[in-house]
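One structure below.
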Amino acid sequence: MKHEAVRILQKKKAQILESWINKQLEDETLRENLMSNEDLRVQSEELLGGIIDNLTSENLESAHVEDFEAVEDILSSISISRAKQGYSPQETGLYVFTLKYALLEALESELKDPKILYAQGILINKLIDSFAVATFETFIKGREEVILRQTDEISEISTPVIRVWDGILALPIIGTLDSSRTQIVMENLLQEIVETGSSIAILDISGVPAVDSLVAQHLIKTVSATRLMGAECIISGIRPEIAQTVVHLGIDLSQIITKATLASALTTAFSILSLEVNKKQKNRI
């Protein structure tokens, strides 16, 4: 009797699509700002067509066959796009499960024998559940890609190298300084030193919430790398609490020029380069 389910679903394909679309639109959690109703229809029609057009009495019991490779590709594309659009795992899962309900309703309208309906329903449940599992797995991969991309973008944004004067660079560090971020800081700073020919780099740690021995070691590594490139490094933003922590931990920063503010560090940089900035008096008429 497996062919009965296949025959019914293929016969009622159009009705199933409408029922599925209505179920999605009736869902109170549906966010129309993420996808238009027309795009939702196109997406749903493609997936439903991929399933029903490839469905046979032989592959009804297993979604992991070559017949459903196209369906898996469609589900993968949908999951990744939804992850990037900002859908939640629950919303993505409900998208697949509402299809199951529409398919079961179609079977119920045609099969009057409870035993046959139950047996066919079990097969449909297994089939759609296997698709749902694949959807969740792909969604997680898509979300991980989004998180990694955003992390890289945030790291780039939060470590800008600013050319504040000829020969002087400033790098304001905001947030925690860990090993991976230290590598980004050093790469950006050293690259900018090479491109601009700067001889002084100011690391401003005003935005670093706390300095422990690990953070201090990362700063020292950055200073050492800068000096190897022939540039002097000044650390600014040394707040009283940071100074106390450094002393308490016994961290030796005596070989590094440190200043309380970025303005003070810039003044020191001017002095090293034998530059003098004077305020020009306005001429009175």
Residues with amide H under 5 Å of residue 202's amide H, sequence separation 5 or more or different chain, H placed in the peptide plane at 1.01 Å from N; which? 169, 170, 171, 234
Please tell me the relative contact order of the chain in percent, rounded to the nearest whole number, where contacts are Cα pairs under 8 Å and at least six residues apart. 13
With θ set to phi - 60°, apply the Karplus curve 6.51 cos²θ - 1.76 cosθ + 1.60 along region 110-118 and write out the HN-Hα couplings as whole Hz, x wherever there is a Gly or Pro. 10, 9, 9, 7, x, 5, 5, 4, 5
Residues of region 103-130 with amide N under 17 Å of the 7 Å Cα→Cβ point at residue 65: 120-130
Report ³J(HN,Hα) in whole Hz for each residue of region 11-20, in order, from the Karplus equation J = 6.51 cos²θ - 1.76 cosθ + 1.60 where θ = phi - 60°; Gly and Pro get x. 5, 9, 4, 5, 5, 4, 4, 5, 5, 5
In the chain, with Lys and Arg counted as +1 and Asp and Glu as -1 at Cβ, which of these residues, 194, 5, 30, has the Cα nearest the positive end of the dipole, that is, farthest along it? 194
Consider the candidate values [x] 1.66; [y] 0.96; [z] 1.09; state which one is Cα Rg over 2.2 N^0.38 Å computed from the structure displayed. [x]
With respect to the cross-link table entries 13/126; 13/112; 11/100; 13/84, which display a Cα-Cα separation exceeding 27 Å? 13/84
Taking the dipole about the Cα centre of region 1-160, with the C-beta of Lys and Arg at +1 and of Asp and Glu at -1, give me whichever of 117, 142, 16 is farthest to the positive side. 117
Enumerate the calculated ³J(HN,Hα) couplings along region 249-256 in order (Karplus 6.51 cos²θ - 1.76 cosθ + 1.60, θ = phi - 60°), each rounded to whole Hz, writing x wherever the residue is Gly or Pro. 7, x, 7, 8, 10, 5, 8, 10
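Each value in this text was obtained by applying a stated rule to the coordinates, not by laboratory testing. These numbers were taken from a predicted model, which means no experiment stands behind them. Note that we place each Cβ from the backbone using ideal geometry, even for glycine, and neighbour counts take in every protein chain shown.
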